[in-house]
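Peer 1: The structure follows.
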Amino acid sequence: MKKRILILAFLFISINTFSQVTDSIKQINSLQKGSWSVQFEVGSDFKLSSFEGAMVSLKYHFSPKIALRFGAGFSGNNIDQRVEFRDKYYEYYGNEPVTKYSYNIFLTSNFLYYLKHDSKINVFIGIGPRAGLINNYSERLYIDGYLGILDVESWAAGLNGVFGCEWFPVPYLSLLAEYSVYGVIGKTSRKDWTYEISTGYRVEYYNTYSTDFEFKGNIVKLGLSLYF
């Protein structure tokens, strides 16, 4: 009796395992309703970095043919410098502290439509909004008692389109090649001020404002998608 139970248990496990393996073999890709993926760009040195200019790029499939990809990121830095100088003719020397910081905020989104979605190689097109904000700020404390400030801020928003293909060597991992083109319009403000520290008086200032338009195509990017 025990032998029969063991044999039946073994047969049940074997059939279940074989069924799972068969289903896995039948599954060609993960372009299915409800699937998620995270995407990275594969650089020329085969290192993984951000994709579509974003720190994190996620894709969600509403159906095998339709997906939404969203990316958001932030980068910034802060630098403290010291400028040393010497003028032998006037015997003028000293050092001046310089503080700089910058940040870059960006958002991207694409509605993707897969022209082909049921094979190992699948072609897609997409369109969606993109927006970004960049700020560069610096202060320099001059030895003769003046403070110089440079503040440049720009933002841009528009649309970008993509065309590419996705190849699945295994069902839950894909390699993709993608070409994108975008058009954005934005504004830039540049403020260059000089203050006399002792009085706080602004002795010199230049304020420049401009409206910018850019239409650009990117080089073909290679990417890696991990599905879950």
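Peer 1: Where Lys and Arg each count +1 and Asp and Glu each count -1, what net charge lies around residue 192 among other residues with Cβ under 14 Å from its Cβ? List each step's numbers first, then the result.
Peer 2: Numbers: positive: 140, 190, 191, 202; negative: 139, 151, 153, 204.
Within the 14 Å Cβ shell, the charges total 0.
Peer 1: Taking the inverse of the average 1/r across all pairs of different Cα atoms in region 91-170, what Kirkwood radius in Å do you get?
Peer 2: Details: mean 1/r = 0.0586 Å⁻¹.
One decimal place: 17.1 Å for the Kirkwood radius.
Peer 1: Further question: Note down the net charge around residue 212, summing +1 for each Lys or Arg and -1 for each Asp or Glu among other residues with Cβ under 14 Å from its Cβ.
Peer 2: +1
Peer 1: Another question, then. Take a quick pass over region 31-227 and tell me how many lysine pairs come in under 23 angstrom between Cα atoms, counting only ones 8 or more apart or on separate chains.
Peer 2: 17
Peer 1: In the neighborhood of residue 60, defined by Cβ-to-Cβ distances under 12 Å, what is the net charge if each Lys or Arg adds +1 and each Asp or Glu adds -1?
Peer 2: Its environment carries a net charge of +3.
Rule-based calculations on the coordinates, nothing more; no lab input. Note that this is a predicted model, so its numbers are computed, not measured. Cβ atoms come from the backbone with ideal geometry, glycine included; neighbour counts cover every protein chain shown.
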